[in-house]
Amino acid sequence: MYGIEAINANNGWAISVVGISIVFSGLVVLSIVISQLYKCLDFYENPGKFKKWFSRKNKQDKPLETGLTLLVLTEEQKEISKQFALLVNTLEDHFSLSRLLGLARVSGVKNVHSNLNILLKSDIVFPDKEGFFCWDQDLYIKTISY
């Protein structure tokens with residue numbers, strides 16, 4: 001028996017599918033390992049950087065106001081910040097950024113991503129430990145009134 005008859009008789013199709021799957025899975029795993037290798041090398045070269053990163057995660061939920069410098073916003077940015085404040089009031093205390101961005105897009109806020117980035121940099125919107133974000137009303141009022 002030769003050819004396709006021999007392949008059918010001895011489960012050659014199943015063996016070839018399993019072989020292709022193993023090779024493909026190996027290549028996928030190899031590409032993932034190679035794409036993340038820079039993180040391992042950075043950890044090996046700069047272990048102090050990761051110590052600082054983990055120690056920063058364990059600090060308070062809310063940023064300290066004593067060391068903060070208030071950002072100087074233009075009038076347009078202040079108006080957009082007020083729009084974000086109104087949107088945040090419709091959300092819960094802890095909210096996701098994707099939901100806030102969706103509401104801002106629906107509401108017609110201009111330059112949604114860049115303006116939200118300003119709020120994140122000024123720590124008006126800050127992360128909590130559970131993967132959500134919170135709104136610092138006191139810091140918002142200080143920034144808007146400045």
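Some points to look at:
- Residue among L73, L119, L86 that alone is touching a residue at least 60 places away in the same chain (Cβ under 8 Å) and more than 14 Å from the chain's Cα centre (by Cα): L73
- Some residue of region 91-114 being assigned to a loop (DSSP other than H, G, I, E, B), of a type in the set (D, E) and either free of Cβ contacts under 8 Å to residues at least 24 places away in the same chain or surrounded by 12 or more Cβ atoms within 10 Å (Cβ to Cβ) (or both): yes
- Restricting region 115-146 to residues that are of a type in the set (A, V, I, L, M) and surrounded by fewer than 16 Cβ atoms within 10 Å (Cβ to Cβ), the residue that is farthest from F95 (Cα to Cα): I141
- Of all residues in region 54-89 being surrounded by fewer than 10 Cβ atoms within 10 Å (Cβ to Cβ) and assigned to a helix (DSSP H, G or I), the one that is modelled with the highest pLDDT: N89
The values are calculated or read from the model by the stated rules, or taken from the named source; none is laboratory data. Everything quoted here is computed from the prediction, not taken from an experiment. Counting neighbours? That spans all protein chains shown, and the Cβs are built from the backbone with ideal geometry, glycine included.
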